[in-house]
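Accompanying notes for the structure given below.
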Amino acid sequence: LAGTPGIKVLMPALSPTMEEGNIVKWLKKEGDTVNVGDALCEIETDKAVVTMESSDEGVLAKILVEEGSKNVRLGSLIGLLVEEGQDWKQVEIPADAGVPSSVAPPAPAPAPAPAAPSVSAPPKLQHHPGKLQVRLSPAARNILETHGLDPSNVTPTGPRGIFTKEDALKLLQEKQKGKPSELKPVVSPAPAAVPSPSQAGAVASYPRPAIPPVSTPGQPAAPGTFTEIPASNIRRVIAKRLTESKTTIPHAYAAADCVIDAVLKLRKELAKDDIKVSVNDFIIKATAVTLKQMPDVNVTWDGEACRRLQSIDISIAVATDRGLITPIIKDAAAKGIQEIAASAKALAKKARDGKLLPEEYQGGSFSISNLGMFGISGFTAVINPPQACILAVGRARPELRIVEDEEGNEKLEQHQLMTVTLSSDGRVVDDELASKFLETLKANIENPMRLALN
């Protein structure tokens, strides 16, 4: 009997730069009723963990890509729905149903029984039609391919039958103990009789030395070993974009010391009225006001021309367990300090929880990265393309300075100084414009009452 036709659920594009995603968690189980807009699953994109909402209604009949699956390409079939009232248990699964990305896809052509052995490259764990496939974690795949191991005779211990890194390391230990059944030699092209034990060494060759490069848990680290840490989608995108930024953007740098005594005094006064704002909130506001005064810096570069943006949207760098992400305070010049403080706090929490919506981190016209809370006096930051500038902010530090009083007498006074460093794209913000921007920013920070005039 023909199965129930299914409604395809495909891996969606949840960010403009997303090419693949990881299935973090399914929020519905097979047999559950699904309405339009219901949360189906959580997907880790190149930016954050985003909840995928259903665009169809019915019953979730089949989950084809399980939780924990990595690097699932856009458009891949991840599940099937059926219409309400249909037998979801008899859903017809398409022939091209999603194969988890951690498993290499089958060879496209059917493989008849070979007439003679052929030369094989170093083992790549290729699977053939009709043969039971083993679902591998990325770390396990790397170990198996590196050492030419066959996982087909080992029972996986991971959730839902996934062959884990620990399984691969156990198999590797058995190989080192001299169990020949776990080895996958490269076959010699010469049609010869079954080799004797003395000839086996001539027939088998391995792409790696016997000493494993991957460290073994519970054992002392051997020279040359390493511990593999799989990169998240966010980490891979960060690496790609930072490399793109430093290799394609002509970075120019300029720094200035700002006296923040007035900011600290005003902040203390506000705290008396239970208005809690940080120094960073004042910096965001001062930067936005400066960009309003100097719109030639509120620009992006699209590869061919400079674009002056109408809205001043400040991206603030937030460190998370998954990597650095830059949520955006929209139209910051029009917001007050207290509103900026509330927005920055809420966005930072959502960023660390992985709950940012795409519109909360996509775009932006200018970035700020503050490492002052880590005791860093000053640093240079990498531009976040297509933006033209990023401001690096250091800690406040006490310094003695010679100042003149009203009568012209010189005296020493202690002031709180903060170094800000501007990284600018030399194609659109030249040195003169960058210097004028820092000069204006310095004046706005040192005289915070000016911020209320804009």
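Annotations for the structure displayed:
- Rounded accessible area per residue of segment 247-299, 1.4 Å, Å²: 47 Å²
- Of all accessible heavy-atom area on segment 7-82, the percent that carbon and sulfur account for (1.4 Å): 45 percent
- Subset of Lys349/Lys442; Lys240/Lys350; Lys29/Lys355; Lys47/Lys89; Lys70/Lys246 violating a 32 Å alpha-carbon distance limit: Lys47/Lys89
- Using a probe of 1.4 angstrom and keeping all protein chains present, the accessible surface of segment 339-442 works out to 50 square angstrom per residue.
- Distance between segment 217-280 and segment 137-165 - C-alpha centres, whole angstrom: 36 Å
- Partner aspartates and glutamates whose Cα lies under 15 Å from the Cα of Lys265, excluding those fewer than 8 positions away in the same chain, are identified as Asp273, Asp274, Asp281, Glu446.
- Over the Cα atoms of segment 244-452, the radius of gyration divided by the Kirkwood radius equals 0.98; this is the Rg/Rh ratio.
- With Cα atoms defining each centre, segment 296-319 and segment 7-51 are spaced 30 Å apart in the structure.
- Rounded to the nearest 20 debye, dipole of segment 7-82 from Cβ charges on Lys, Arg, Asp, Glu: 140 debye
- In a simple Cβ point-charge model (Lys, Arg +1; Asp, Glu -1; nothing else charged), segment 331-454 has a dipole of about 820 debye relative to its Cα centre.
- The fraction of accessible area contributed by carbon and sulfur in segment 364-454 is 50 percent, rounded to a whole number (1.4 Å probe; ligands and nucleic acids excluded).
- Remark: segment 7-82 carries 40 Å² of accessible area per residue (probe radius 1.4 Å; ligands, DNA and RNA excluded).
- Point-charge dipole on Cβ atoms (K/R +1, D/E -1) for segment 244-452, about Cα centre, debye to 20: 880 debye
The values are calculated or read from the model by the stated rules, or taken from the named source; none is laboratory data. These numbers come from a predicted model, not from an experiment. Here Cβ is always computed from backbone atoms with ideal geometry, including for glycine, and neighbour counts include all displayed protein chains. What goes into the accessible areas is simple: the full protein's heavy atoms, side chains included, and nothing from ligands, DNA or RNA. Shrake-Rupley method; radii C 1.70, N 1.55, O 1.52, S 1.80 Å.
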